[in-house]
1. Just to be sure I understand the filter: pairs with C-beta atoms under 9 Å, separated by 6 or more residues or on different chains, first member in the range 258-277 and modelled with pLDDT under 95, second member among the acidic types (Asp, Glu). Which pairs pass?
2. Looking only at residues in the range 297-335 that are touching a Phe, Trp or Tyr at 6+ places or on another chain (Cβ under 7 Å) and assigned to a strand (DSSP E or B), which one is modelled with the lowest pLDDT?
3. Looking only at the range 374-391, count how many residues are touching a residue at least 40 places away in the same chain (Cβ under 8 Å) and over 22 Å from Ile65 (Cα atoms).
4. Please enumerate the residues belonging to the range 262-296 that are touching a Leu at 6+ places or on another chain (Cβ under 6 Å) and either of a type in the set (Gly, Ala, Ser) or part of a loop (DSSP other than H, G, I, E, B) (or both).
5. Evaluate the range 94-116: report whether one residue or more is within 30 Å of Glu172 (Cβ to Cβ), of a type in the set (Gly, Ala, Ser) and in contact (Cβ under 8 Å) with a residue 12 or more places away in the chain.
6. Answer with yes or no whether Tyr339 is free of Cβ contacts under 8 Å to residues at least 40 places away in the same chain and either surrounded by 19 or more Cβ atoms within 10 Å (Cβ to Cβ) or closer than 30 Å to Glu181 by Cα (or both).
7. When the residues of the range 49-104 are filtered to those that are within 19 Å of Gln297 (Cα to Cα) and of a type in the set (Gly, Ala, Ser), which remaining residue is surrounded by the most Cβ atoms within 10 Å (Cβ to Cβ)?
8. Taking the residues in the range 367-387 that are closer than 10 Å to Leu10 by Cβ and surrounded by fewer than 19 Cβ atoms within 10 Å (Cβ to Cβ) as candidates, determine which candidate is nearest to the chain's Cα centre (by Cα).
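The values are calculated or read from the model by the stated rules, or taken from the named source; none is laboratory data. The structure presented is a predicted model; accordingly, all values stated were derived computationally and were not measured. With ideal geometry, Cβ positions are generated from the backbone for all residues, glycine too; neighbour counts draw on all protein chains shown.
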Amino acid sequence: MNTNLDYQALTDWMKVNAAPINTLTPSDSVEDLEPIREIIGDARVVALGENSHFISEFGLLRHRIIRFLIEHCGFTAHALEFGFSDGFIIDDWLQGRLNEAHLKQLIFHYLITPEILQTLRWIKNYNLQSQTPVQFMGVDIPCAGGSLLPALSPIKEYLRTADADTLSLIKEACLIAIKFEGTSMAQAAPLYGSLSEEERNILTCYLTRINHRLHALAPEHIERFGQQKFDEMVQHLKSALYADYNLSAMSDFIAGTGLYGDMGARDSYMADSVLWHLQHIAPGSKIILVAHNAHIQKTSVNWPGSTTLPMGQHLAQQLGKDYVAIGLTSSKGDTAALYPDENATHGFRVEKTLLDNPIPNSIESVFTNAELGTSSINLKQIPREYEMPTYTRCDSEYLEIPIQESFDGLIHIPHSHVIKEINM
């Protein structure tokens, strides 16, 4: 790593052009967020990231940005790094079709931080008085790869009426899937790895047969239940197929036999789900998409020993200027490091990790040297001849990425802190 590069021109530019963000308090005025409008332009999908999950400041600031995008920029949908199948349950709650106690019973297997829950409650209250209610959308595989059952359950119920001849296949698939059911990939991956190769192949075979049969009978399904319902079932099933593949890829990665790009299957499905939602909401609707920086960036993610083509790379290729990615990062304070732990509720523990001063060749070091408070920069406006840093924080480590190609904008919060409470 070259630590002797001169970022003085960039630092000077940022001192003049960075837009200050005055507060993280969710209920405060959002007038200071107006410069973000220039970053998003007319995009139909705006992604808001974070360099680590479970950071309080990121959740608080995203709440304000989501308010701004809904109240002042015409956004009518909120998508989250959350299971596609369970997303419909969240939406039922936001639209007043489900009470919160029942909601918690149905999605107990997900980690929802207090900051995210606060944002969802704000949307629910907003919907009570808005002529255009905000819709919620899940885009991820079930439990981030922790289980197939949230996706298989609605398919099984549908097939009871739509195609009883297929019930035996999906019941057998569920019997295998329940053997590795968890609330996260950290729990499911070891259990999946303990299955015999025969059981894994049988599960994949059953899911594939159900998928082919569903499409083979598509005209009858659509005639009886409508295009929307059929499309929804197809996406549920695709979610299970991708989750199955993702666990297989993770098993191979752990064994040291993983293939290049294999761990990007989950991201491919997430991008596909965003595009699915775009096709199934009202014309002209715009989506706020919230996920980790490593999911929303527009260039490949080069992890140690693995490369992922992230959701943002797929969306940028498909949507062009209709997709905008805004990363959130921080320099000091602490961050969340995740470690596998079979005794933890979700199969991993979250450890508060103190942040050292940012490394010299990182965008965080430039923000720090510019002595800026919480602020945003429009990466599209930075002169291309300026020397740019090539690293950014990712959880408790750094990733090497081309900053201007990866994000359209960056928001920097000088100090970050791990949230005190993780579960709902």
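1. Gly258/Asp252; Leu259/Asp252; Asp262/Asp252
2. The residue in question is Ser306.
3. 7
4. Scanning the range 262-296 gives Gly264, Ala271.
5. no
6. Yes; evaluated as a whole, the condition is true for this residue.
7. Result: Ser52.
8. It comes out as Ile382.
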